[in-house]
Amino acid sequence: MFIVLAAPHYPPRNIGGTEFFVQALARWLHGRGHRVEVVCVEQIASGLFPRVSARVDRSEGFPVHRLTVRWRAGPLGLRDRFDNPAMGLWFKAFFHSRQPDLFHLHSGYLLTVAPLRAAMKAGLPTVVSLHDLWFLCAHHTLLRPSGRLCPGPEEPAGCAYCWLSQSRRYRWLESALGRLGRPHPHRAAGRLLNAWPPFGSWVRTMAERLQTTMGLLNRVSAIHVTSTFLERQHRAFGMRSERVYRIPGFPPAEVRPGPDRRDPTGLHVIYLGQIAPHKGVHVLVEGVRRAKRMAPPGRTLRLTLYGNDQAFPAYARSLRKAIGEDPEIRLAGVLPRERIGEALAEADLLAVPSICPENMPLAVLEALAAGVPVLASEIGGLPELIQHGVNGWRVPPGDADAIAAALVRFLEAPEVLEALRAGARPVHTMEAAMTAMMVLYRDVVGKQETAAWVPEPVGSREG
């Protein structure tokens, strides 16, 4: 089978759960004799006209087409971010020259829905993997720039204001309405601005965005979700459910429990992921600082933060200021993939303090596969992975006091943490997930060869 995979990014320059999922899938397909090509976005530029160019990287053993994408400014640029005409033309030519059997889009972030339209016009079976909330939210997180969580795209004016409030000069209105006690102040701000003609173009574009993204999503051959949380969120805003396949994420095969290198005199917490505001790293730092002040005598508490601290420089500076001179809390930079097992072997606990709805974080799957319990925010798909008091501990998102209380409990009663460690087990396997994905592919291209579904909950289909 000839399969084209498209993702917002692809390693090594850009790394994350979606990127590693696509890389593992591409390598698995290639290793089993399927023809595979990957398309990803490598660079973003801005200009007067939308444009897409590409270079081909063959270092993986199969072609990886790394795109440079140019967006326009203003409402036209917003449209370029969800339905880029230049992206559509590039994929139209690409599909014409390649003639694949199937096109699989992993999130529309950066790529937009234009590849889906091009694939449908070419008569190709299409699969979409929902790794995030991009089809519903221009920020793809349902988290507003103010830090507040959004219930969903119910009002285009509210979404338009949310988009514009990335610029700080717009945020005062939401803050003022919030202080006045108005519910959903970003929506109230959008309604107030709706009478301003320049704002009206943003509102119309946002209305078109949801109609376009969900309209095309409902026309694809199959929708793949990795968590029931994402399925529920998209159903609530118009996704039809008859073509939804649930195939959870998986830890990469190379992550295995390593020799135990933990310090018995204390507690070592690690964080693996983006150093970004929506990940709640600042909440974790504050929780650790509070727990250290309450720690029992003779017990130490360390926090190591692994991630790129250059992606959001101002945020990283604020974290360093909060950490101060404390040698037991450190920003350790990006952790190479080959050292993840080593880092987990030195950890008592993985922290996932997200304040935005997570899907099924790769770091959580890796930690559980290595026998490391997880302290996680009770948000998004995390409760589907973390059983409170069994393989981890759940706390309300954004609650530094709850993080501190949990850490103090583990310091005072190490046996509680050891019980969680005993309960930390692999959730899903890569081979089972890949087998289920191949069944999905055969189904949508009409090749009904004999193949067994992997047992629940690793792969299932509704419909």
Worksheet item: Accessible area per residue, 1.4 Å probe, Å², for the range 1-58: what's the number?
Response: 46
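Probe radius 1.4 Å, ligands and nucleic acids ignored: give me the carbon and sulfur share of the accessible area of the chain as a rounded percent.
53
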Worksheet, complete the sentence: The answer for the range 341-402, accessible area per residue at 1.4 Å probe in Å², is 24
Discussion item. Which three extents, in angstrom, do the Cα atoms of the range 13-150 have along their principal axes, listed largest first?
Written reply: 48, 31, 28
Practice prompt. Evaluate E = 1/(1 + (r/R0)^6) for SER59 and GLU431, where r is the Cβ-Cβ distance and R0 equals 22 Å; express this FRET efficiency to the nearest 0.05.
Written response: 0.35
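Quick one: putting +1 on the C-beta of Lys and Arg, -1 on the C-beta of Asp and Glu, what dipole do you get for the chain around its Cα centre, in Debye to the nearest 20? Walk me through the intermediate numbers first.
Values: 56 positive and 41 negative charges, 330 e Å.
I would put it at about 1580 debye.
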Fill in: Pairwise label distance in nanometres, ALA332 with GLN166, each label 7 Å out on the Cα-Cβ vector
3.2
Worksheet item: Out of the DSSP beta bridges found with both residues in the chain, what percent are antiparallel (nearest 5)?
Response: 15
Item to complete: Using Cα pairs closer than 8 Å and at least 6 residues apart in sequence, work out the relative contact order for the range 96-139, in percent.
Response: 49
Worksheet entry | Probe 1.4 Å, accessible area per residue of the range 205-254, Å² | 35
Fill in: Sorted peptide list for 402-408, 332-338, 228-234, criterion being average Cβ within 10 angstrom, highest first
402-408, 228-234, 332-338
Discussion item. Once you place label points 7 Å from the Cα toward the Cβ at SER201 and GLN43, how far apart are they in nm?
Written reply: 2.8
Discussion item. Out of all Cα-Cα pairs in the range 66-117, roughly what percent, to the nearest whole number, are more than 13 Å apart?
Written reply: 58
Item to complete: Would you calculate, for the chain, the mean residue ellipticity at 222 nm contributed by helices, counting each DSSP H stretch of 4 or more residues as -39,500 (n - 2.57) and dividing by all residues, to the nearest 500?
Response: -12000 deg cm²/dmol
Worksheet, complete the sentence: Filtered pair list for the chain (Lys only, Cα < 24 Å, 8 or more apart or interchain) has a length of 5
Practice prompt. Using the Kyte-Doolittle scale, find the helices of the chain whose mean hydropathy is at least 0.5 and whose Cα atoms extend 24 Å or more along the helix's long axis, counting only whole DSSP H runs.
Written response: none
Worksheet item: What does the convex hull of the Cα atoms of the chain come to per residue, in Å³, rounded to a whole number?
Response: 147
Worksheet item: When each pair of different Cα atoms in the range 77-161 is counted once in the 1/r mean, what is the Kirkwood radius in angstroms, to one decimal?
Response: 14.1
Worksheet item: Cα centroid distance between the range 215-232 and the range 1-24, in Å?
Response: 18
Item to complete: Take the Cβ-Cβ distance between SER241 and SER146 as r, set R0 to 30 Å, and report the resulting FRET efficiency rounded to the nearest 0.05.
Response: 0.40
Worksheet item: Using alpha carbon centroids, what distance separates the range 323-389 and the range 51-78, in Å?
Response: 31
Worksheet, complete the sentence: Percent of all alpha-carbon pairs of the range 242-367 at distances over 18 Å, whole number, is 57
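The values are calculated or read from the model by the stated rules, or taken from the named source; none is laboratory data. Note that the structure is a prediction, hence the values are computed from the model and not measured. Because the Cβ atoms are built from the backbone with ideal geometry, glycine has one as well, and the counts that use them run over all protein chains shown. What goes into the accessible areas is simple: the full protein's heavy atoms, side chains included, and nothing from ligands, DNA or RNA. Shrake-Rupley method; radii C 1.70, N 1.55, O 1.52, S 1.80 Å.
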